[in-house]
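Participant: Dumping the structure here so I can ask a few things about it.
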Amino acid sequence: MPLVPPHRTAGWSLSRRTLLRTAGAASMAGLLGSSVTGCGGAEEPQSGADTLGLTFPENFTWGAATSAYQIEGAATEDGRGPSIWDTFSHTPGRVRGGDTGDVAADHYHRWESDLDLMAELELASYRFSISWPRVLPEGRGQINQAGLDFYQRLVDGLLERGITPVVTLFHWDLPQALEDLGGWLSRDTAGYFADYATVLVEALGDRVSTWLTLNEPKTVVIVGYQAGIHAPGRRDRAESYIAMHHLMLAHGLGVQALRAGSSQSRIGPALNLTVVYPADDSPEAEAQAERVDGFENRLYLDPVLRGAYPEDTLDEITQISPMVDQIHDGDLEVISTPIDVLAVQYYNPTYVDANGERVTRHPTSEASWQQIHPDGLYDVLTRVTRDYGDIPLLITENGVPTPDAVTADGTVDDPDRITFLRSHLAAAHRAIADGVPLEGYHVWSLLDNFEWAEGYSQRWGIVYVDFDDQRRIPKASAEWYRDVIRRNGI
Ligand code: IFM
């Protein structure tokens with residue numbers, strides 16, 4: 001493939017930096033393994049070279065993702081009600097440094113210039129989430145028009161700039177009022193979610209064509225209800241699976257509500273998937289990997305795409321949780337209401353030894369849970385297509401936190417992020433070449449933001465945010481990504 005020279009855009013005056021400096025890229029190349037495989041199957045060295053010569057399909061969509069609580073701020077403005085994350089982050093000891101999302105990246109006030117920035121980056125798609133308590137302060141009942149108007153302006157502003165909105169309904173910020181009624185342990189919450197979906201599709205359904213119901217229900221179950229590290233901070237494995245079933249029910253009811261309000265929409269859940277490898281070649285490790293795969297992947301994929309929870313996993317859950325008693329007749333039919341797209345979020349593989357213990361096999365990022373293994377993305381994508389058929393896939397999150405800082409000349413160099421993104425895009429490209437119907441990619445994240453229990457200590461954005469004065473500085477990876485978008489390839 002010929003190299004496409006980088007262009008300059010009016011209004012974005014970053015100087016051409018050495019974006020792909022061999023030194024930086026090579027340091028991450030060590031982390032990432034020594035090679036990526038192109039669609040022709042040839043091994044291409046992971047170097048600092050400008051491109052790998054891989055072009056994506058013509059209609060491939062390039063975007064970036066955020067979520068409401070992580071960027072909006074304005075936590076008490078214009079009638080917004082509290083969410084469980086307001087409560088949690090204001091509880092001493094829950095979030096690193098006592099950080100909260102009260103101000104975050106102040107996107108609620110800076111949305112217009114943020115949209116301009118997205119246009120300068122030439123994003124074709126922007127995945128964001130709607131704050132449920134901004135629209136319904138009590139989680140149900142009275143609509144807060146000012147909150148809804150914010151999202152009307154946001155969607156209109158995106159469309160004016162030629163950027164397609166991809167809207168997530170629930171990205172973890174459950175209204176506190178619903179938590180007070182039982183949160184996801186209450187079946188009613190699934191019904192309130194469907195009502196909320198109806199409010200949104202009535203307001204935005206004429207302009208939004210892609211809707212994602214839930215973001216990463218697995219994280220809510222494991223980190224929010226088992227480990228207690230995320231809101232609502234519970235530590236009870238038995239009840240966590242009751243929450244899981246109600247989340248999945250909410251997904252199904254949400255699909256039906258959205259479909260009723262907008263028959264042309266593309267609707268699906270956003271699932272964080274991992275590939276589970278046995279840590280050695282013993283039959284015990286193989287069996288444990290299969291078992292853990294049930295909890296990590298099949299528990300969420302099977303009910304949506306096959307209309308049943310995986311038997312082996314359900315058997316194990318039944319030994320510790322009364323969750324099955326919460327499955328009513330017809331629930332699985334609701335949960336498996338046909339979807340149009342599956343949003344895949346990939347960050348890391350999982351290795352399991354013969355005792356079922358997690359093992360680290362690759363270097364991790366600043367997020368200690370994140371082993372870096374780009375080929376895992378290929379394995380996840382091809383596995384979904386192989387096991388679940390050719391449902392269209394959209395990558396709605398993939399990214400890495402790096403220790404970014406503003407240099408003396410006012411720029412932010414993040415060569416390790418570029419190397420991370422490029423190697424994962426190479427894996428995605430290979431999956432497409434092998435027949436996976438992958439339609440697009442969204443980097444996590446557009447902006448540095450509130451990284452949940454880690455507060456502002458981790459920077460995941462391609463755009464640096466100075467949290468003292470809210471200045472945005474596109475990092476080297478942003479400029480690199482814009483060039484990727486322009487050439488539709490890496
Ligand atoms: O920041 C989160 C996001 O909200 C959900 N997926 C993982 C990201 C990085 O941890």
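Participant: Being of a type in the set (Val, Ile, Thr), closer than 14 Å to residue 461 by Cα and within 15 Å of the ligand (Cβ to nearest atom) is the requirement here; does residue 380 meet it? Please lay out each step first, then the result.
Facilitator: Values: of a type in the set (Val, Ile, Thr): yes; closer than 14 Å to residue 461 by Cα: no; within 15 Å of the ligand (Cβ to nearest atom): yes.
Against the criterion (of a type in the set (Val, Ile, Thr), closer than 14 Å to residue 461 by Cα and within 15 Å of the ligand (Cβ to nearest atom)), residue 380 does not qualify.
Participant: Report whether or not residue 273 is modelled with pLDDT of 95 or more and closer than 19 Å to residue 332 by Cα. Before you say what the answer is, go through the steps one by one.
Facilitator: Working: modelled with pLDDT of 95 or more: yes; closer than 19 Å to residue 332 by Cα: no.
Taking the combined requirement at face value, the residue does not satisfy it.
Participant: Criterion first (acidic (Asp, Glu), at pLDDT 95 or above, over 24 Å from residue 215 (Cβ atoms) and assigned to a helix (DSSP H, G or I)) does residue 112 satisfy it? Let's see the steps before the verdict.
Facilitator: On the way: acidic (Asp, Glu): yes; at pLDDT 95 or above: yes; over 24 Å from residue 215 (Cβ atoms): yes; assigned to a helix (DSSP H, G or I): yes.
The answer is yes for residue 112.
Participant: If you check residue 93 against the conditions, is it out of contact with any helix residue (DSSP H, G or I) (no Cβ under 8 Å at 6 or more places or on another chain), at positive phi and either assigned to a loop (DSSP other than H, G, I, E, B) or of a type outside the set (Lys, Arg) (or both)?
Facilitator: Considered against the rule, which asks whether it is out of contact with any helix residue (DSSP H, G or I) (no Cβ under 8 Å at 6 or more places or on another chain), at positive phi and either assigned to a loop (DSSP other than H, G, I, E, B) or of a type outside the set (Lys, Arg) (or both), residue 93 comes out as yes.
Participant: Here is a follow-up. All but one of (1) of a type outside the set (A, V, I, L, M, F, W, C); (2) closer than 20 Å to residue 85 by Cα; (3) over 22 Å from the mean Cα position of the chain (by Cα) hold for residue 175; which doesn't?
Facilitator: (3)
Participant: On the basis of being away from the ligand (no atom under 16 Å from the Cβ) and small (Gly, Ala, Ser), does residue 205 make the cut?
Facilitator: On the way: away from the ligand (no atom under 16 Å from the Cβ): yes; small (Gly, Ala, Ser): yes.
Here the answer is yes, as residue 205 does meet what is asked.
Participant: Of the residues in segment 127-186, how many are closer than 17 Å to residue 77 by Cα, more than 16 Å from the ligand (Cβ to nearest atom) and charged (D, E, K, R)?
Facilitator: Looking only at that region, the number is 4.
Participant: Let me ask something additional. With the requirement that a residue be surrounded by 18 or more Cβ atoms within 10 Å (Cβ to Cβ) and away from the ligand (no atom under 16 Å from the Cβ), what does segment 343-356 give you? Quick ask: steps written out before the conclusion?
Facilitator: Filtering segment 343-356 down to residues surrounded by 18 or more Cβ atoms within 10 Å (Cβ to Cβ) leaves 343-352.
Correct list: 351, 352.
Participant: Of the numbered conditions (1) surrounded by fewer than 18 Cβ atoms within 10 Å (Cβ to Cβ); (2) touching a residue at least 60 places away in the same chain (Cβ under 8 Å), residue 364 fails exactly one; give the number of that condition.
Facilitator: Single failed check for residue 364: (2).
Participant: How about segment 269-304: which of its residues are among the small types (Gly, Ala, Ser) and within 16 Å of the ligand (Cβ to nearest atom)? I'd like the intermediate steps shown before the answer.
Facilitator: In the first step, residues of segment 269-304 are kept if they are among the small types (Gly, Ala, Ser); the result is 270, 279, 282, 285, 287, 289, 294.
If the condition is that a residue be among the small types (Gly, Ala, Ser) and within 16 Å of the ligand (Cβ to nearest atom), then 270 is the only one that fits.
Participant: When you look at residue 359, is it more than 16 Å from the ligand (Cβ to nearest atom), in contact (Cβ under 8 Å) with a residue 12 or more places away in the chain, under 27 Å from residue 416 (Cα atoms) and touching a strand residue (DSSP E or B) at 6+ places or on another chain (Cβ under 9 Å), yes or no? Steps first, answer last, please.
Facilitator: Values: more than 16 Å from the ligand (Cβ to nearest atom): yes; in contact (Cβ under 8 Å) with a residue 12 or more places away in the chain: yes; under 27 Å from residue 416 (Cα atoms): yes; touching a strand residue (DSSP E or B) at 6+ places or on another chain (Cβ under 9 Å): yes.
So residue 359 passes the test.
Participant: Right, something else. When you go through 197, 231 one by one, which is the residue that is in contact (Cβ under 8 Å) with a residue 12 or more places away in the chain, part of a helix (DSSP H, G or I), crowded, with 18+ Cβ neighbours inside 10 Å and in contact with a helix residue (DSSP H, G or I) (Cβ under 7 Å, 6 or more places away or on another chain)?
Facilitator: Numbers: 231 fails: part of a helix (DSSP H, G or I).
197 is the lone residue from the list that is in contact (Cβ under 8 Å) with a residue 12 or more places away in the chain, part of a helix (DSSP H, G or I), crowded, with 18+ Cβ neighbours inside 10 Å and in contact with a helix residue (DSSP H, G or I) (Cβ under 7 Å, 6 or more places away or on another chain).
The values are calculated or read from the model by the stated rules, or taken from the named source; none is laboratory data. Note that this is a predicted model, so its numbers are computed, not measured. For neighbour counting, all protein chains shown are included, and Cβ atoms are generated from backbone atoms with ideal geometry for every residue, glycine included.
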